[in-house]
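The values are calculated or read from the model by the stated rules, or taken from the named source; none is laboratory data. Values in this document were obtained by computation on a predicted structure and should not be read as measured data. No Cβ is skipped: glycine too gets one built from the backbone with ideal geometry, and neighbour counts run over all protein chains shown. Calculation scope for accessible area: heavy atoms of the full protein, side chains included, ligands and nucleic acids excluded. Shrake-Rupley method; radii C 1.70, N 1.55, O 1.52, S 1.80 Å.
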Amino acid sequence: MQKTVLLCVLNWGLGHAARCVPIIEALIKNNAKVVVASDGEALHFLQKIFPDLTFEKLPPYDVSYSSDGILWWAMAKQIPGLIKTIQEEARITQLLIKKYRPSLIISDNRYGCRSKEIFSVFICHQLHIQMPSPFTMLQNTLNLI
């Protein structure tokens, strides 16, 4: 029986989508049915490379960076919107689970794309989030979350 894998890819530039290409190729080589969920350029990029796969749309994170160079403040102000997006992608992920019945979920930095019932893998490139000096005391708590 063919296994189904739900691969959820973040759309923050094409780096996340590009690093998922060899993962998709390996899954296909191992006879898995791959369902890719993403948005924007990442979704379009993967659709061009793998036109025969099944694709689903996830909500965009719509993060913007500060023009004054204070990245941590720009990100902190966007936390409520990020939480809302994570909740929405979690809701959509549950619908995709019902629709496709995957045996594995692979999430490339999509925090809401996981399940307690299905083995879920989270791909990231940052082992520990670094906080600016005034907030280093929050670093352990943030990384725990």
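Below are the figures for this structure:
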| quantity | calculated |
| --- | --- |
| Qualifying residue in region 46-58 (condition: out of contact with any Cys (no Cβ under 8 Å at 6 or more places or on another chain), part of a helix (DSSP H, G or I) and within 20 Å of Val121 (Cα to Cα)) | no |
| Residues of region 5-24 satisfying the condition of being in contact with a strand residue (DSSP E or B) (Cβ under 8 Å, 6 or more places away or on another chain) and either charged (D, E, K, R) or open to solvent by 20 Å² or more (accessible area, probe 1.4 Å) (or both) | Asn11, Arg19, Ile23 |
| Some residue of region 99-115 being surrounded by 11 or more Cβ atoms within 10 Å (Cβ to Cβ), in a helix (DSSP H, G or I), of a type in the set (Ser, Thr, Tyr) and in contact with a strand residue (DSSP E or B) (Cβ under 7 Å, 6 or more places away or on another chain) | yes |
| Selected residue [over 21 Å from Gly112 (Cβ atoms) and modelled with pLDDT of 95 or more] from Ala17, Ala74, Ala26 | Ala26 |
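Okay, residues lined up against (1) touching a strand residue (DSSP E or B) at 6+ places or on another chain (Cβ under 9 Å); (2) over 13 Å from Cys8 (Cβ atoms); (3) open to solvent by 30 Å² or more (accessible area, probe 1.4 Å):
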residue	(1), (2), (3)
Ala26	no, yes, yes
Asp39	yes, no, no
Ala42	yes, no, no
Gln47	yes, yes, yes
Asp52	no, yes, yes
Phe55	yes, no, yes
Asp62	no, yes, yes
Lys77	no, yes, yes
